[in-house]
Every structure is written in structure tokens, then in C-alpha cells.
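Single-structure report; data block below.
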Amino acid sequence: MAGVGPPETSRGASTPYLELLDVAKHFGGVQALDHVTLAVERGSVHALVGENGAGKSTLGRIVAGALSADAGRMLLDGAEVSFRSPREALLRGVAAISQEAAIVPQLTVAENVFLRVEPRRAGFVSRRRLNRAFAALTAAAGFELPGNLSAGQLRTSEQQKVEILRALSRDAQLIVMDEPTAALGANETQHLHEIVRNLAASGKTIILISHFLSEVLSLADTVTVLRDGRVVKTASAAAETESSLVEAMLGRPLTATFPPKRPPAGDAPVVLSVRHLSAPGVERASFDLRAGEIVGLAGLVGAGRSELARAVFGAAPVLSGEVTLTGGASVGRSPRRSLDAGLVMIPESRKDSGLIFGRSSIENASLSRLRALSSLGVVRRRREREAARGVLERCGVRGASYAAPVDALSGGNQQKVLLARMLLCGPRVIIADEPTRGVDVGAKFAIYEFLTSLAAQGVGVLLISSELEEILGLSHRVVVMRRGRTVAELRGDAMNESAILSAAFADQASAASVP
Amino acid sequence: MSIDVDVRRVFRLPEAEGGLLGLARVIRLRSVGILVPFLILFVVLSLTSSSFATKANLLNILDQQSATLIIAAAGTLVLIAGGIDLSVGAIYGFAGVTSAHFALQTSPVLAILLGIGAGFLIGLVNGIVTTVFRINALIATLAMSFIVSGCSSLVTKGNLLVLFEKTDFGAVARTEILTVKTSIWLMVAAVVVIGLLLSTTTTGRYMYAAGGNAEAARLAGVRVGAIRVLTFVISGTAAGLAGVIDTARVLSAQASPNDTALAFTVLAGIVVGGTSILGGEGAVWRTVAGVLFIALIGNGYLLLEFDPLYEQITMGGLLLAAVGLDALSRRRA
């Protein structure tokens with residue numbers, strides 16, 4: 001349980017803690033990693049960045065023993081190692097923390113931390129010693145966690161802390177973190193950053209894989225940029241900027257982060273009107289959406305943005321209030337009705353609630369419009385294929401074949417398949433819930449362009465995003481939610497980061513005064 | 001042995017060949033999966049037993065398997081849509097005794113309709129219980145299985161219902177058209193209709209979606225509940241039809257505890273064919289191949305005079321291999 005002591009200095013401080021020499025890995029015919037050579041200094045935070053498919057996660061998994069390299073050598077603390085499993089890696093002090101924490105929800109937090117290394121007495125787990133060890137560990141790690149709560153009740157951010165503690169309990173010296181903040185809200189992210197800094201300060205070496213460049217720049221000592229499985233450059237984070245990293249990732253300069261805003265016509269009609277809507281997690285929310293307008297829905301995680309979106313779309317029960325689409329069509333009853341009325345939603349998680357894995361891009365794209373592509377209940381395959389191909393191409397889905405299962409596509413392309421499905425519905429209003437989560441920079445821009453071009457054609461867009469930049473960069477107007485209510489509406493000059501944050505964070509006293 | 005060949009073919013290729021070509025080949029090989037062992041077994045039996053590849057033997061196999069094939073074809077839809085139906089054996093038995101009971105008293109047409117109708121109704125109840133009341137399908141249909149078997153005993157009062165004089169009822173399954181019995185024709189018709197429903201219609205597509213990812217399907221506008229209810233109704237109706245056909249085929253019916261076990265034989269056939277127990281993947285033709293593959297093993301044991309004691313062990317091993325293959329391919333994906 002020593003765990004958090006000062007780093008051992010068995011070698012000179014100049015020797016890197018981890019060295020990769022000419023590491024290669026291919027999946028089928030795809031060269032995921034191509035002669036990657038990398039040195040990670042002890043006690044540093046070393047970030048790996050790159051587009052989806054650049055090979056950063058593959059590299060992280062090789063280091064942590066979840067994958068084995070096809071070629072090349074790996075030196076840990078100067079000694080050659082080759083891990084055949086995460087367990088072997090852990091025995092040598094290398095642990096991995098993933099985006100989705102590996103926990104047993106039924107066990108308590110402390111039991112999860114000491115899973116398989118529980119302090120025992122005569123073969124039985126000694127609860128007293130377990131609790132004592134847990135207390136010692138949290139104290140050393142510098143954060144609190146309720147040890148006796150069952151782990152399933154923890155929030156995602158806290159579940160990750162369980163994994164961090166687990167790594168520390170095994171005396172891990174090198175921790176690989178793959179997108180640790182992807183599922184976290186702003187304040188939780190801040191907290192995790194603190195923890196990462198503390199770990200590095202106590203001599204742990206961190207490999208940080210992240211899509212968030214601002215995070216990388218504020219946390220990392222060194223950044224390695226990967227593109228197509230090759231190291232483009234390794235540099236001190238202090239010498240880099242977001243645009244220099246993006247340029248290295250893409251291999252070309254990125255001209256604009258957001259497409260230009262085209263404000264809707266002054267007399268554009270309201271296409272979606274939500275009045276005093278109450279639903280699970282939503283209390284008397286109201287807002288309007290006009291044709292051609294992009295409205296950003298901002299708020300903290302748990303403020304009820306996704307819940308509002310789901311209620312408007314009809315995926316969650318509406319308790320009271322009204323959702324009206326142009327022409328008086330009442331929606332909010334069922335997804336089927338909403339889709340028929342031209343109200344579409346890109347759900348928050350494409351994996352859990354978006355795509356049908358195992359089915360082709362074509363079938364996924366056509367799913368919501370299948371009835372229109374069939375006669376007498378029989379799917380007209382050619383008509384389906386042509387319609388789907390049309391929207392998939394328009395959305396820029398790239399892949400081996402549109403007939404192959406969507407599983408094979410990268411995250412960005414999967415998201416574009418969902419966009420294609422929405423496009424095929426001929427939407428009048430589109431609700432996009434975190435449309436760019438987990439996609440790379442290139443795909444992000446394509447999704448922005450998709451949304452702005454739809455708006456330019458008169459579609460009303462409700463954009464939910466946890467990235468304020470995205471909200472500010474795309475929206476014509478911002479609605480802020482807090483505790484299930486719509487508490488502020490910002491436009492023009494009032495639409496800025498601090499105004500959004502103060503509305504989102506406002507304390508309860510002022511929240512009570514909002515009608 | 002035949003499964004071994006398949007495993008090697010399907011899972012060693014990508015490493016040896018690599019590339020998208022290799023990937024495409026894996027997908028294709030996996031999708032024909034069951035055909036390879038089926039054909040090998042067929043050829044081996046033809047070579048080792050002179051009485052195997054005769055028209056009489058093969059038609060006899062089809063005649064005997066007609067009920068199982070109909071139920072399994074419908075069960076494939078249930079599995080693909082994300083459910084499971086363990087009550088089909090009991091429904092099959094109940095439909096059999098119901099039709100026998102009424103065949104003794106009323107017209108054969110009415111008896112047939114009542115038998116199939118009973119299956120339809122029980123299937124509807126299964127569907128409503130599992131989707132509206134959200135009771136786990138495994139447990140709900142297991143419970144239904146007990147209830148329905150009990151009802152069968154009530155109908156027969158423990159007797160064997162003998163229909164030897166009701167030849168007009170028996171004609172449903174025993175008439176020969178083009179030297180092939182109507183039991184087989186009915187089976188072929190039912191299997192083709194169910195297969196087309198799954199592979200060509202919007203409803204079939206929705207079944208794959210509902211089983212592949214229920215929440216995603218719902219948000220895409222698929223009425224997942226209705227689709228699942230439909231699969232249970234089809235399954236119940238098919239089991240009813242199968243029960244009527246078998247009763248007409250052997251001209252007798254009784255409440256037998258063996259009937260409930262038919263659900264497991266059916267499930268084995270579906271899974272050996274390669275339809276995923278987890279939903280979202282599979283096909284009716286695979287189920288036909290799976291059921292017949294198991295039937296061929298039984299037939300082979302008989303013709304080659306192997307000790308029939310080992311037949312069940314072989315079946316169990318096969319089932320494990322089939323499920324293992326499915327799990328392995330999912331892990332790869």
C-alpha cells in the first residue's frame with residue numbers, strides 16, 4: 001500500500017522512465033502505429049494528441065498491456081519489457097484509466113479499489129483493515145471518496161477516482177489516462193486536473209490521451225502529436241499553442257474553427273415553441289426556436305439539457321406544458337410522431353442510443369425513413385440504397401463500404417451516419433445533443449458546417465454542448481439551464497463565456513428568484 | 001469435427017491474410033458459417049450410409065422436422081428482436097391436444113383453426129406480458145410454459161386422444177402432393193413466409209434494429225414494443241400450427257411433459273444456425289440449416305448404428321461451440 005511515496009531514483013534523472021523504440025502495430029491491413037519512438041520522462045505529464053485513428057489510444061493500450069505490439073521494443077525504467085496483459089503491466093507498475101471506468105457497481109468503493117488484493121485474515125476479507133487502508137490511500141492521494149458507498153452510485157468522475165485509487169494501491173508509477181475528462185462536466189474536469197497535477201508532483205508519470213487541446217496545454221509537460229500512426233512531433237507543451245497542435249494533427253493549417261454565422265432573417269417564423277415544459281429532470285422550461293436559427297442550450301452537466309431535449313423529442317414523458325411545432329403540430333408524444341412532423345434529434349450517445357451496431361451504414365441511415373422507401377411493407381432495396389448513399393455522401397461519411405457494419409467506422413464517421421439519418425428525414429427542427437463528443441478535429445468542423453448549412457436552409461437548430469466555445473461559435477442565441485429550469489437567454493453582446501457561466505452557476509438564492 | 005474446420009477457417013484467416021480483403025472474407029465466411037459443417041456432414045453421411053441419401057429417408061427427416069422447423073423459423077424472429085420464447089413447446093402441445101379434442105367433436109377445419117388460434121392468443125399474452133409489463137421474457141415465457149402445459153392436461157384429462165378414424169383431419173398433414181406430404185409443403189410455406197418477412201420487409205428491418213439496440217431503434221422512430229409483441233404472436237401462432245400439423249401427422253395427441261423440452265431443441269437449432277442469442281443478428285435460412293444439421297446428426301446416429309447415448313453429448317458440445325463462436329466473433333468486432 002506504499003503507493004504514494006517519493007519516486008525511487010534507481011537511475012539517473014536523465015533516463016526516461018518509459019521508452020518506446022520503433023513500435024509498430026497493424027490491424028488487418030491498417031497500420032495503426034508505424035515506427036513510433038517516444039521517451040516519457042519520469043514524473044512528467046506526457047500528452048498524446050491526434051485525430052481519431054491517429055493511433056494514440058492504440059499506443060496507450062500497448063503501454064498498458066491491453067494490446068501487444070507487432071514490432072519494436074519498450075523499455076521501462078531502462079529495462080526491456082513486453083506485457084502480455086494489463087495484469088502483467090500492473091505488476092510492473094503500469095496502470096490504465098479509461099473513459100468508462102471498470103468498476104463492479106454492486107461492491108463498495110473501497111472493495112472496488114482493493115479488488116483482488118483485499119487485505120485478508122484467514123481467507124476472509126478484513127473489513128476493518130480494508131477501511132483503514134482505504135483511508136490511508138485517499139489521504140495520500142489528496143481527495144475524498146466515500147469508501148462504504150456502493151460504487152454504482154458514484155458519478156462518472158468519481159468512478160474514475162476509484163480507478164486512480166486502484167492504480168495507486170498497486171503502487172503504479174506510470175498511469176495511462178485515455179480521455180479521462182470526455183464524460184465529465186466543467187467543474188469535475190477541473191477537479192480531475194488537480195488530481196493529475198498532484199500525481200505528477202508526487203513523482204508519478206502520466207500519459208494523457210485527450211481530444212481537448214486546452215486541457216493538454218494546461219496539464220502536460222510534453223506533447224506528442226500523432227498522425228496516421230506516426231509521430232509528427234514531440235515538443236514541450238509550453239512551446240505549443242492550440243493552433244500549432246491542430247496544424248500538426250491535420251498536417252495543414254486549419255483556416256477557421258467555426259463556419260461564419262449567418263443570422264436568421266428578422267421576420268423568420270418560430271418553428272418550435274416550448275412552453276412551461278415539465279418532465280423528469282425538467283421544470284417549467286420555455287424557449288422558442290425560429291427558422292434558420294441556431295440556439296445553444298448551455299448549462300452544467302445535470303442541469304437538465306439532455307432531459308429537456310428528450311422530452312421535446314418525445315423520448316421521455318412530458319408531465320405538463322406544451323411543445324408546438326410550426327403549423328400547430330403537437331409533438332413531444334413519441335419519437336415516431338416527432339420524426340413524422342419533421343422534428344429530429346441526434347442523441348447524446350451514438351453508441352447507446354444512436355446507431356444499431358452490426359448493421360450497415362445504409363441500414364442505419366435509412367432506418368427512420370424506411371416506410372417511405374418501401375412499398376406494401378417491402379423495402380425497395382435499390383431505392384433505399386440510392387437514398388442512403390445520397391445522404392451519406394452529402395454528410396461526408398468515409399469508409400470502406402456503406403454496406404459494411406457501422407462498427408468499422410471511426411467515431412467521427414459514425415456520427416456522420418447519424419447526421420445522414422436525420423438529413424433523410426427532411427428535418428424542420430433538429431436537436432443536436434453533444435454532436436461532436438468523441439470526434440476528431442476534422443469531423444468536428446464537418447459537423448459544424450452541417451449544422452450551419454441546415455440552418456441556412458431554414459431549419460431550426462437546438463444545439464446542446466458542454467463545450468462553451470462550440471456554443472458561442474455556432475449559436476445565434478443561447479438559453480442557459482440550471483436545475484431543470486431555463487434561467488437565462490443571452491443574445492448579441494451579452495452572449496459570452498462569463499455570462500453563460502454565471503447564469504449556469506448562480507447560487508440557489510438567486511435561482512429561487514427566477515420565475 | 002466439422003465445427004473445428006469452421007473455427008479455423010473463420011478465425012485464422014484475418015491474421016494470415018490481413019487487409020480489408022481478409023476482413024471481407026471473415027464476414028462472408030461467418031455469414032455462411034453453418035453451411036460448411038452442414039454440407040460436410042451431408043457428404044460424410046452419404047458416403048458412409050447407403051440408405052442416407054435416398055428420397056425416402058430425406059423426406060422422412062423433413063416430415064419429422066416440419067414442426068420444429070416452423071417453430072424455429074418463428075423463434076428466430078423473437079431472438080433477433082431481442083426476446084426469447086421458452087413457451088413454444090408447451091404451446092405446441094396445447095395446440096395439438098386442443099385440435100385433437102375438437103377434431104373428435106366438431107369439424108376438422110374448426111379444430112385446426114382453434115389449435116392455431118390458441119397459439120396466437122398465448123403468443124399475444126406473452127408479448128404483452130414481456131413488453132407492457134416489462135417482465136423478463138425468459139421468466140415470463142417459462143412461467144407461461146408451465147401454465148400452458150397444465151392447461152393441456154386439463155383438456156385431455158390425462159388421456160391419449162386417438163384420432164385414427166378422423167382421416168379428414170389427418171389429411172392436413174398426410175396428403176401427398178407431387179409425392180411430398182402436405183406436412184412438408186406447409187412447413188416450406190410457413191418458413192418461406194417468415195423468412196421473407198424478416199429479410200425483405202420494413203417490419204423485419206425493425207426487428208433487427210429492436211434487437212440490435214432497442215433505445216437507438218426507439219429514438220429512430222421504431223415502435224420497439226409493438227415489434228416485440230409481433231414476434232411473440234408469430235412465434236405462438238407458428239407453435240400452434242406446428243402442434244396441429246404433428247397431431248394430424250401421427251393422428252393422436254396427449255399432454256406430455258416432453259413437449260416443453262421442444263423449446264430447447266428449437267433454441268439449439270436457432271443458435272447452432274448462427275443467430276445471436278443476444279439479438280440483432282441472424283437469419284431464418286440459418287435456422288433451417290441449424291435445425292437440419294442437428295436432425296442429420298440424429299439420423300446419422302441411427303443409420304450408422306452409433307450408440308445413441310452419445311447423441312445428446314454431441315448436441316451439447318455443438319451448442320457450446322456455436323455460442324462460443326458467436327461470443328468470439330463479437331469480441332473481435
Those residues of the stretch B:231-254 that are surrounded by 24 or more Cβ atoms within 10 Å (Cβ to Cβ) and outside any helix (DSSP H, G or I) come to a total of 1
Within the stretch A:352-371, residues part of a helix (DSSP H, G or I) and either buried (at least 20 other Cβ atoms within 10 Å of the Cβ) or in contact (Cβ under 8 Å) with a residue 60 or more places away in the chain (or both) come out as A:S353, A:S361, A:I362, A:E363, A:N364, A:A365, A:S366, A:L367, A:S368, A:R369, A:L370
Within the stretch A:198-244, restricting to residues that are of a type in the set (D, E, K, R) and in contact (Cβ under 8 Å) with a residue 40 or more places away in the chain, the one that is nearest to A:L76 (Cα to Cα) is A:K204
The number of residues in the stretch A:32-47 that are under 25 Å from the mean Cα position of the chain (by Cα) and within 16 Å of A:G72 (Cβ to Cβ) is 2
All conditions in (1) touching a residue at least 24 places away in the same chain (Cβ under 8 Å); (2) away from every other protein chain (no Cβ under 14 Å) are true of B:V250 except (1)
Of B:I116, B:I122, B:I135, the only residue that is of a type in the set (A, V, I, L, M) and not in a helix (DSSP H, G or I) is B:I135
*Please indicate, with yes or no, whether at least one residue in the stretch B:283-291 is within 14 Å of another protein chain (Cβ to nearest Cβ), in contact (Cβ under 8 Å) with a residue 40 or more places away in the chain, in a loop (DSSP other than H, G, I, E, B) and farther than 19 Å from B:V188 by Cβ.*
no
> Is the stretch A:397-413 home to any residue that is buried (at least 21 other Cβ atoms within 10 Å of the Cβ), of a type in the set (V, I, T) and farther than 30 Å from A:R227 by Cβ?
Replying inline: no
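Being within 27 Å of A:V225 (Cα to Cα) and out of contact with any helix residue (DSSP H, G or I) (no Cβ under 8 Å at 6 or more places or on another chain), is that true of even one residue in the stretch A:450-465?
Step one: filter the stretch A:450-465 for residues within 27 Å of A:V225 (Cα to Cα), giving A:465.
Narrowing further to those that are out of contact with any helix residue (DSSP H, G or I) (no Cβ under 8 Å at 6 or more places or on another chain): none.
Scanning the stretch A:450-465 turns up no residue that is within 27 Å of A:V225 (Cα to Cα) and out of contact with any helix residue (DSSP H, G or I) (no Cβ under 8 Å at 6 or more places or on another chain).
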Going residue by residue through the stretch A:325-340, is there one that turns out to be outside any strand (DSSP E or B), surrounded by fewer than 22 Cβ atoms within 10 Å (Cβ to Cβ), at the interface with chain B (Cβ under 10 Å from one of its Cβ atoms) and hydroxyl-bearing (S, T, Y)?
yes
Of the residues in the stretch B:165-180, those that are within 13 Å of B:L59 (Cα to Cα) and among the charged types (D, E, K, R) come to B:R174, B:E176
Matching residues in the stretch A:345-369 (within 7 Å of chain B (Cβ to nearest Cβ) and of a type in the set (A, V, I, L, M)) number 4
| message | Here is a check on your reading of the model: is A:A372 out of contact with any helix residue (DSSP H, G or I) (no Cβ under 7 Å at 6 or more places or on another chain) and more than 9 Å from chain B (Cβ to nearest Cβ)? | response | yes
Taking the stretch A:388-444 and keeping only residues that are within 14 Å of chain B (Cβ to nearest Cβ) and small (G, A, S), one is left with A:A388, A:G399, A:A400, A:S401, A:A403, A:A404, A:A408, A:A420, A:G426, A:A432
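Restricting to the stretch A:167-197, give me the number of residues that are part of a helix (DSSP H, G or I) and either modelled with pLDDT under 80 or in contact with a Lys or Arg (Cβ under 6 Å, 6 or more places away or on another chain) (or both).
Final tally of qualifying residues: 3.
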Over the stretch B:207-227, the set of residues part of a helix (DSSP H, G or I) and within 7 Å of another protein chain (Cβ to nearest Cβ) is B:Y208, B:A209, B:G212, B:E215, B:A216, B:A217, B:R218, B:L219
Result of the Cβ filter at 8 Å on the stretch B:188-200, keeping first residues that are within 15 Å of A:L376 (Cβ to Cβ) and partners that are of a type outside the set (V, I, T) and at pLDDT 95 or above, at least 6 apart or interchain, is B:L197/B:L77; B:L197/B:G204
Within the stretch A:442-488, residues being modelled with pLDDT of 95 or more and more than 18 Å from A:R290 (Cβ to Cβ) number 0
Restricted to the stretch A:286-305 and to residues being within 19 Å of the chain's Cα centre (by Cα) and in a loop (DSSP other than H, G, I, E, B), the residue surrounded by the fewest Cβ atoms within 10 Å (Cβ to Cβ) is A:G302
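Just for the stretch A:74-133: of the residues that are in a strand (DSSP E or B) and at pLDDT below 85, which one is surrounded by the most Cβ atoms within 10 Å (Cβ to Cβ)? Give the derivation first.
First, the residues of the stretch A:74-133 that are in a strand (DSSP E or B): A:74-76, A:79-81, A:94-97, A:108, A:120-121, A:124-125.
Then drop every residue that is not at pLDDT below 85, which leaves A:97, A:120-121, A:124-125.
Numbers: A:I97: 23, A:R120: 11, A:R121: 10, A:F124: 8, A:V125: 13.
The residue in question is A:I97.
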Going through (1) in a loop (DSSP other than H, G, I, E, B); (2) more than 30 Å from A:L355 (Cα to Cα); (3) within 19 Å of the chain's Cα centre (by Cα) one by one, B:G316 fails only at (1)
Scanning the stretch A:306-324 for residues that are under 31 Å from the mean Cα position of the chain (by Cα) and either away from chain B (no Cβ under 14 Å) or of a type in the set (D, E) (or both), the one surrounded by the most Cβ atoms within 10 Å (Cβ to Cβ) turns out to be A:L308
Of (1) over 18 Å from the mean Cα position of the chain (by Cα); (2) without any contact (Cβ under 8 Å) to a residue 12 or more places away in the chain; (3) within 11 Å of another protein chain (Cβ to nearest Cβ); (4) assigned to a helix (DSSP H, G or I), B:G150 satisfies every one except (3)
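The values are calculated or read from the model by the stated rules, or taken from the named source; none is laboratory data. Bear in mind that the values here come from a model prediction, so they are computed numbers and not experimental data. As a convention, Cβ positions derive from the backbone with ideal geometry for all residues, glycine included, and neighbour counts pool all protein chains shown.
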